[in-house]
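Right, one structure below, let's go through it.
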Amino acid sequence: MSERLKGKRAFVTAAAAGIGRACALAFAREGAAVFATDIDEHKLASLTREGVAELARLDARDSAAVAAMAKRVGKVDILLNAAGFVHHGTVLECSDEDWDFSFDLNVKSMHRTIGAFLPGMLEQGGGSIVNISSAAGVFKAAPNRYVYGATKAAVAALTRAVAADFITKGIRCNCICPGTIETPSMLDRAAAAGPNGREMFVARQPMGRLGTADEIASLAVYLASDESSFTTGVAHIIDGGWTL
């Protein structure tokens, strides 16, 4: 541990698994006091054994709950937004309900948390917001990722807007755009694709392997830390060359 985040307080959504979990653990290892949230309290509970300071159930789709949580937590230096859902299908397989759910969870959840925690960051004179977007939708179209790609493009635009609006107030806002990362949800999608589903995902990666959640978390640590103090409004691609 190099304590790159020593003395900082971090708030993380979707911290029970995958990228959110890896980021929460990486922040804690680097010295941050981490408040981790998710709707899955069972998986979330194990984080206490790995250095995460506080845990709580939070549905990022519930505006009142997010506002109440921000009051409970108080001021933070780092906000990591990882809540998200991957819808499979084209426009023809995307119902109004699918569209609304995807935008609510993937985009509006970030609107909620940023709106709730930003005032405290402004009051203390600074903060770093890191949003999880995707290479799909921002840098490249992917088959059967119609509404998912639309939501992730929206995340990148939201990120730039926040960065531009508060650049003189000590606030930095960046997003991370992963390629295919081996997480529990990704493995579930691979299994649904058939017995060779994982191999199919690997085959489209120029490096011949999937990315790891820890690799995404390493970039998140950099963006959360003072090392990236001259970086804001950027969509950081980390995709193993998928978009080359």
For segment 1-92, which helices (runs of 4 or more DSSP H) that fit wholly inside it have 3 or more residues that are closer than 18 Å to SER218 by Cβ and not hydroxyl-bearing (Ser, Thr, Tyr)?
18-29
Name the single residue that is surrounded by the most Cβ atoms within 10 Å (Cβ to Cβ) among those in segment 190-244 being among the acidic types (Asp, Glu) and under 17 Å from the mean Cα position of the chain (by Cα).
ASP239
Between residues in segment 45-68 that are closer than 11 Å to ALA28 by Cα and residues that are of a type in the set (Gly, Ala, Ser) and assigned to a loop (DSSP other than H, G, I, E, B), which pairs lie under 7 Å by C-beta distance while being six or more apart or on different chains?
LEU47/ALA15
Checking GLN205 against (1) free of Cβ contacts under 8 Å to residues at least 40 places away in the same chain; (2) assigned to a helix (DSSP H, G or I); (3) closer than 23 Å to ALA141 by Cα; (4) not charged (D, E, K, R): exactly one of these is not met. Which one?
(2)
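Pull up segment 112-170, narrow it to residues that are hydroxyl-bearing (Ser, Thr, Tyr) and outside any helix (DSSP H, G or I), then point me to the one that is nearest to HIS88 (Cα to Cα). Don't jump to the end; show me each part of the working.
Pass one, segment 112-170, residues hydroxyl-bearing (Ser, Thr, Tyr): 113, 128, 133-134, 146, 148, 151, 159, 168.
Keeping just the survivors that are outside any helix (DSSP H, G or I) gives 128, 133-134.
Working: SER128: 31, SER133: 16, SER134: 15 Å.
The extreme case among them is SER134.
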Among the residues in segment 216-238, are any more than 19 Å from ILE132 (Cβ to Cβ) and at pLDDT below 95?
no
Listed by first then second residue, the pairs whose first member lies in segment 102-122 and is among the aromatic types (Phe, Trp, Tyr), whose partner is not in a helix (DSSP H, G or I), with beta carbons under 7 Å and at least 6 positions apart or on separate chains, are PHE117/PHE11; PHE117/VAL76; PHE117/LEU79
Restricted to segment 171-186, and to residues that are modelled with pLDDT of 90 or more and among the aliphatic types (A, V, I, L, M), which residue is farthest from LEU219 (Cα to Cα)?
ILE171
ALA164 fails exactly one of the following numbered conditions: (1) at pLDDT 95 or above; (2) farther than 25 Å from LYS43 by Cα; (3) surrounded by 15 or more Cβ atoms within 10 Å (Cβ to Cβ). What is the number of that condition?
(3)
Condition met for LEU187 (assigned to a loop (DSSP other than H, G, I, E, B) and surrounded by fewer than 20 Cβ atoms within 10 Å (Cβ to Cβ)):
no
Selection count where residues are within 17 Å of LEU223 (Cβ to Cβ) and buried (at least 19 other Cβ atoms within 10 Å of the Cβ), scope segment 101-151
16
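The values are calculated or read from the model by the stated rules, or taken from the named source; none is laboratory data. Everything quoted here is computed from the prediction, not taken from an experiment. Glycine gets a Cβ as well: all are built from the backbone with ideal geometry, and neighbour counts include every protein chain shown.
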